[in-house]
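Bear in mind these aren't lab numbers, they're just calculated from the coordinates by the rules spelled out. Just so you know, these numbers come straight off a predicted model, no measurement behind them. Using ideal geometry, Cβ is built from the backbone for each residue, glycine included, and neighbour counts are taken over all protein chains shown.
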Amino acid sequence: MIKLVRTHSDNTDFVYLVKLLNDYLKIVDGADHEFYNQYNNIDALKHVIVAYMDNKPVGCGAFKKYTEKETEIKRMFTLPETRNQGVASKILKALEAWSKELGFEACLLETGKRQVEAVQFYKKNAYTVISNYGQYKGVTNSVCFKKSIT
């Protein structure tokens with residue numbers, strides 16, 4: 001059974017999972033890691049979900065306000081040994097529902113093209129590829145997505 005907990009960026013389980021995510025991305029992103037990492041500071045995240053299985057933290061995700069109508073999904077991660085068990089989908093749906101509760105109309109996000117599983121995951125969850133936004137404009141390794149939640 002997967003238990004989801006709403007929290008914030010000070011949560012020690014979230015900090016632990018983000019460290020594992022950063023370690024993974026450092027390998028996958030290679031030379032591009034420092035560029036991406038500068039946009040992944042978790043200090044000010046007020047909307048965080050941590051997933052637990054048997055009281056063990058197994059996945060996380062967060063969002064932050066991007067515009068008056070959009071949130072940006074951040075720091076999605078699931079432990080490798082618990083992938084393909086619905087953890088990430090439950091986290092993403094919970095982040096979308098929380099965004100909607102707060103009056104937002106859409107979620108957007110960026111992931112790297114090298115994260116093939118992530119690209120497939122977001123497409124499977126009804127996210128549509130959009131033009132790269134903000135700091136990702138012109139970044140050839142980035143792919144950006146958006147989903148209406150109204």
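THR7: net charge of surrounding residues, Cβ under 11 Å, Lys/Arg +1, Asp/Glu -1, itself excluded? Summing Lys/Arg as +1 and Asp/Glu as -1 gives 0. Ellipticity at 222 nm from helices only: DSSP H runs of n ≥ 4 in the chain, each -39500 (n - 2.57), divided by the residue count, give -9500 deg cm²/dmol. For the residue pairs LYS3/LYS56; LYS113/LYS147; LYS26/LYS69; LYS26/LYS147; LYS74/LYS147, alpha carbon separations beyond 21 Å are given by LYS26/LYS69; LYS26/LYS147. Straight-line cross-link partners of LYS123 among the aspartates and glutamates, defined as a Cα under 20 Å from its Cα and at least 8 positions apart when in the same chain: GLU70, GLU72, GLU96, GLU105, GLU110. If I take every Cα pair under 8 Å that is 6 or more residues apart in the chain, average their sequence separation and divide by the length, what percent do I get for the relative contact order? After rounding, I find 20 percent.
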